[in-house]
Amino acid sequence: MKVPDSPFPRARIPYGTWGTSYFPAWQSSAMAEVNIGQFAAESMARIMGLRQVPVRAIDYLVAGSTIPWRWKFSNAPLLSAVLGHRVPGCHVEQACATGLLAVVQGAMEVQSGGSGVVGVLTFDRTSDSSVGIFPERRSPARTLALNDVWDNFGFDPGSGFATLATAGNTARKYRLDRREVDELTACRYEQYFAAKQSGFLDRFAVPLEVLNPKGKVQGRIDADTGVKPVTLDTLRGLPELAPCVTAGGQTHPSDGLATLLVATPERARELSRRPEIDIQLMAKAYVRSGPGLMPEAPTLAVAKLLQDTGLALDQIVAVKSHNPFAVNDAVFAKVHGYDWKKMNRTGSSLVWGHPQAPTMTRIVIEALEETVERGGGYALVMGCAAGDIGVAALFKVS
């Protein structure tokens with residue numbers, strides 16, 4: 001087996017120094033009422049406390065979010081103050097790939113020698129997302145241009161297609177079979193509920209309480225609400241919204257947060273819950289698909305990553321995807337000749353929802369936990385981002 005050289009030889013992810021909230025569906029929990037930035041930083045402090053990591057060990061904070069929130073201008077500096085440790089930091093954003101971009105940014109910061117321990121904190125609240133009014137000098141009516149998170153899904157200015165339409169375009173291009181896509185979707189639900197029943201989610205998902213202004217508990221975030229068992233018969237009875245796309249075969253908006261650490265090898269061993277485990281980011285790839293073909297972009301990114309590293313899919317232990325549509329996974333399986341039952345074994349965003357920025361951070365965490373459970377090896381994660389961008393990353397668990 002060819003072992004690729006990592007562009008980040010000094011960066012490690014200390015095992016177990018991570019955690020996520022559960023991802024409640026849009027408008028379904030008390031998280032819909034919070035200032036998500038403040039809540040995320042407070043939650044990171046709680047998660048690090050549970051992992052026995054002092055927040056003062058963190059030298060730098062990489063924050064990621066995609067939906068405006070009050071005080072977003074201040075971002076990482078404010079978040080670190082709420083965290084209880086005033087450190088420098090930055091904010092990154094790349095639509096649905098933000099969670100992975102933040103991890104890569106953390107590895108770059110460590111590799112540069114700038115920091116020994118970087119905290120990564122990604123979060124978003126799709127519930128009651130803000131609405132912006134933009135002055136437009138080229139228009140006679142300067143305040144008619146409105147924008148909220150839903151507009152972004154409804155129209156890609158780069159191609160003119162709605163996100164839903166890109167899934168239909170891709171299904172047509174690859175001549176997908178609706179029956180197979182429904183079977184794949186049913187499998188994803190089965191995988192999620194099997195992982196939940198086994199206790200897999202308990203390894204990283206942390207129940208969180210939401211307090212009212214008087215300091216009393218007004219809600220508890222302890223489940224991926226909105227997720228219900230789905231049968232194949234039910235899926236086959238749903239009408240198509242686009243070719244091979246039904247309400248059951250696409251993800252749903254949700255709220256959530258996810259956090260992890262990136263550190264030097266020495267600091268990672270000190271902070272890790274299992275110091276004998278070494279986790280390294282080995283490679284990353286970014287590509288663009290054709291216009292209006294977003295669901296094929298992760299497949300193309302994986303092809304580039306495999307070419308760059310010289311690895312083959314049968315050398316990879318865990319394959320995880322951000323799959324806003326079941327079409328994403330169907331295309332990947334068809335192009336790469338891969339059995340879609342072997343990927344997303346512990347769940348995926350198709351089922352547990354899509355709060356945007358933390359989505360791929362949770363996918364990375366799940367992939368690493370699964371790889372550890374399976375005895376180590378390579379973990380592959382992939383996803384799509386705004387318009388037609390595909391991202392992929394390879395991690396090595398020794």
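The values are calculated or read from the model by the stated rules, or taken from the named source; none is laboratory data. These figures come from a predicted structure and were not determined experimentally. Here the Cβ positions follow ideal geometry from the backbone for every residue, glycine too, while neighbour counts run over all protein chains shown.
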Report whether or not SER129 is in contact with a helix residue (DSSP H, G or I) (Cβ under 7 Å, 6 or more places away or on another chain), over 22 Å from MET382 (Cα atoms), of a type in the set (S, T, N, Q) and modelled with pLDDT of 85 or more. no
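Quick one: which residue in THR163, THR259, THR185 is within 20 Å of GLY383 (Cβ to Cβ) and at pLDDT below 95?
Details: THR259 fails: at pLDDT below 95; THR185 fails: at pLDDT below 95.
Just one listed residue meets the conditions, THR163.
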With the stretch 318-397 as the region, which helices (runs of 4 or more DSSP H) entirely inside it contain at least 1 residues that are farther than 23 Å from ARG125 by Cβ? 326-336, 359-373
Please state which of the following conditions LYS228 fails to meet, knowing it meets all the rest: (1) touching a residue at least 40 places away in the same chain (Cβ under 8 Å); (2) surrounded by fewer than 17 Cβ atoms within 10 Å (Cβ to Cβ); (3) farther than 28 Å from ARG172 by Cα. (1)
Can you tell me which condition ALA195 does not meet? The list is (1) in a loop (DSSP other than H, G, I, E, B); (2) not assigned by TED's automatic domain parsing to the domain that holds THR66, and all the others hold. (1)
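Scan the stretch 280-288 and give yes if some residue there is in a strand (DSSP E or B), basic (Lys, Arg) and farther than 30 Å from LEU176 by Cβ, otherwise no.
Looking for residues that are in a strand (DSSP E or B), basic (Lys, Arg) and farther than 30 Å from LEU176 by Cβ, one finds none in the stretch 280-288, hence no.
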Do we have any residue at all in the stretch 286-300 that's β-branched (Val, Ile, Thr), touching a strand residue (DSSP E or B) at 6+ places or on another chain (Cβ under 8 Å) and either without any contact (Cβ under 8 Å) to a residue 12 or more places away in the chain or surrounded by fewer than 20 Cβ atoms within 10 Å (Cβ to Cβ) (or both)? yes
Can you pull out the residues in the stretch 147-164 that are in a helix (DSSP H, G or I) and over 22 Å from the mean Cα position of the chain (by Cα)? none
